[in-house]
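In what follows, a single structure is set out as structure tokens and then discussed.
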Amino acid sequence: MEYIGIILVAIFVNNIVYSQFLGICPFLGVSRKVDTAIGMGAAVAFVLAIATLVTFFLQKGILEPFNLQYLQTIVFILIIASLVQLIEIILKKAAPALYQALGVFLPLMSTNCLILGTCILVIQKDFSLFPGMIYAISISIGFMLALIIFSGVREQLALTRIPKAMQGMPIAIITAGIIAMAFMGFSGIDQMFK
Amino acid sequence: MNNNVKTLVNGIIKDNPIFILLLGLCPTLATTSSAINGLSMGLATMFVLIMSNIAISLLKNLIPDKVRIPAYIVIIAAFVTALEMAMNAYVPVLADALGVFLPLIAVNCILLGRAEAFAAKNKVIPSIFDGVGIGLGFAGALTILGIVRELLGTGKIFDFAIFPETFGALLFVLAPGAFIALGYLIVIFNKLQKK
């Protein structure tokens, strides 16, 4: 039951985009079409799961025993950046089809604040390994959901007549605000599972 | 000297990181629930931007071209860590309010963008001016957004009451208000710039 609470909060109540504001750049950048949105969402899910696992062991195994917590930011960024490179190389050899699908999105991951942010949040919230992983995976599901909803709306927006000053980004951001309002309706559903 | 002033003004108006380039939107939306939070996030980012611009423009001839991006990231992250420790020591309340977005300054696209686009190609003095200009543009945008959200949400500016709190629409302090206020501010900025 405790896990259902974690999952619901991460996907709906504290949706990573609409209420936590992480990963806004890829959210606005690659949400013009539903297809690319799914590709980006899958790439985030893939990298985030591996990055959370690696940074978790790094924090508990090296940084904490040696009292080096203050190096967290630097170490995590470097690890995530090199991890992304590594995943890219391995995927290219081992799973060319998957590499073709995720290829363009992978390099963007290393400076994606969603990845680093979630890795830091898992540590800050003091999760143990299993709930931490569930949390990270739920966050990537929430991100994918946010992207798919938003890209569906934007495909429609492209066909609509919009005042000149609002065309492009402004209307997209305001739309995101209205979707965020809808997501606020979920607040409290996790209370049922406490 | 004239060129430097131009760089500085460009950073605030023509290349405004928020309203024109739409970079670094995550901290913009997340930390502007009040004017003071927005301002302090803006100043924190500005500090890191100026310091990393100085360091990168000084080191640009020593860094091999192939590993320049990781090198820039380490330099930026080092300044972010220093800032994080200083803020935790002297202004813990503010550090708490900014939360996870304080370490996340390190992955703000503005910093890496300016390092690559400006500091890596220019000398120290112009790089400082670029850092100050872009930093002021960012801090200004965050402060404006913070003021708008705080005023509409609670009727206060910098905790100074303008109209009674019961008239405020709490929505603007919450998440949706961030998107909506930013969207309309960009519209206004677009309109003003065209004239």
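The values are calculated or read from the model by the stated rules, or taken from the named source; none is laboratory data. Note that the structure is predicted; figures quoted are calculated from it, not measured. Positions of Cβ are backbone-derived with ideal geometry, glycine not excepted, and every protein chain shown enters the neighbour counts. Areas reflect the complete protein model, heavy atoms only, side chains present, ligands, DNA and RNA absent. Shrake-Rupley method; radii C 1.70, N 1.55, O 1.52, S 1.80 Å.
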Exercise. Out of the stretch A:1-26, which residues are assigned to a helix (DSSP H, G or I) and either away from every other protein chain (no Cβ under 14 Å) or modelled with pLDDT under 85 (or both)?
Worked result: A:Glu2, A:Tyr3, A:Ile4, A:Gly5, A:Ile6, A:Ile7, A:Leu8, A:Val9, A:Ala10, A:Ile11, A:Cys25, A:Pro26
Exercise. Does the stretch A:147-156 include one or more residues that are open to solvent by less than 20 Å² (accessible area, probe 1.4 Å), under 14 Å from the mean Cα position of the chain (by Cα) and not polar (S, T, N, Q)?
Worked result: yes
Exercise. Quick one: which of B:Gly99, B:Gly135 is out of contact with any strand residue (DSSP E or B) (no Cβ under 7 Å at 6 or more places or on another chain), small (Gly, Ala, Ser) and touching a residue at least 60 places away in the same chain (Cβ under 8 Å)?
Worked result: B:Gly135
Exercise. Do we find that B:Ala141 is more than 10 Å from every other protein chain (Cβ to nearest Cβ), in contact with a Leu (Cβ under 9 Å, 6 or more places away or on another chain) and modelled with pLDDT under 95 in this structure?
Worked result: yes
Exercise. Going by the conditions given, is B:Val107 at the interface with another protein chain (Cβ under 9 Å from one of its Cβ atoms), hydrophobic (A, V, I, L, M, F, W, C) and over 30 Å from B:Lys123 (Cβ atoms)?
Worked result: no
Exercise. Name the pairs: first residue in the stretch B:74-94 and part of a helix (DSSP H, G or I), second residue hydroxyl-bearing (Ser, Thr, Tyr) and open to solvent by 30 Å² or more (accessible area, probe 1.4 Å), Cβ to Cβ under 7 Å, at least 6 apart or on different chains?
Worked result: B:Thr81/A:Tyr70; B:Met85/A:Tyr70
Seminar exercise, completed: In the stretch B:155-195, residues that are of a type in the set (A, V, I, L, M), more than 14 Å from chain A (Cβ to nearest Cβ) and open to solvent by less than 40 Å² (accessible area, probe 1.4 Å) total 0
For this session: May I ask you to list the residues in the stretch A:72-127 that are open to solvent by 50 Å² or more (accessible area, probe 1.4 Å), away from chain B (no Cβ under 13 Å), assigned to a helix (DSSP H, G or I) and not β-branched (Val, Ile, Thr)?
Result: A:Leu86, A:Lys92, A:Lys93, A:Ala94, A:Pro96, A:Ala97, A:Leu98, A:Gln100, A:Ala101
For this session: Scan (1) modelled with pLDDT under 90; (2) in contact with a strand residue (DSSP E or B) (Cβ under 7 Å, 6 or more places away or on another chain); (3) surrounded by 24 or more Cβ atoms within 10 Å (Cβ to Cβ) for the single condition B:Glu150 breaks and write down its number.
Result: (1)
Exercise. Can you name every residue in the stretch A:175-188 that is closer than 12 Å to A:Asn14 by Cα and open to solvent by less than 50 Å² (accessible area, probe 1.4 Å)?
Worked result: A:Ala180, A:Phe183, A:Gly188
Problem set entry | Set B:Met46, B:Met51: member being more than 13 Å from chain A (Cβ to nearest Cβ), under 11 Å from the mean Cα position of the chain (by Cα), surrounded by fewer than 24 Cβ atoms within 10 Å (Cβ to Cβ) and modelled with pLDDT of 90 or more | B:Met46
Exercise. Within the stretch B:1-22, which residues are away from chain A (no Cβ under 14 Å) and in contact (Cβ under 8 Å) with a residue 60 or more places away in the chain?
Worked result: B:Asn3, B:Asn4, B:Val5, B:Thr7, B:Leu8, B:Val9, B:Asn10, B:Gly11, B:Ile12, B:Ile13, B:Asp15
Exercise. Which condition breaks for B:Leu25 when tested against (1) within 10 Å of chain A (Cβ to nearest Cβ); (2) without any contact (Cβ under 8 Å) to a residue 24 or more places away in the chain?
Worked result: (2)
Exercise. Which of the residues spanning the stretch B:13-39 are of a type in the set (A, V, I, L, M, F, W, C) and at pLDDT below 85?
Worked result: B:Ile13, B:Ile20, B:Leu21, B:Leu22, B:Leu23
Problem set entry | Search result, residues across the stretch B:77-100 that are of a type in the set (A, V, I, L, M, F, W, C), surrounded by 14 or more Cβ atoms within 10 Å (Cβ to Cβ) and within 8 Å of chain A (Cβ to nearest Cβ) | B:Ala77, B:Ala78, B:Val80, B:Val100
Exercise. Take the residues of the stretch A:157-174 that are within 11 Å of chain B (Cβ to nearest Cβ) and open to solvent by 20 Å² or more (accessible area, probe 1.4 Å): which is nearest to B:Phe19 (Cα to Cα)?
Worked result: A:Met169
Exercise. Has the stretch B:114-125 got any residue that is under 30 Å from B:Lys60 (Cα atoms) and open to solvent by less than 10 Å² (accessible area, probe 1.4 Å)?
Worked result: yes
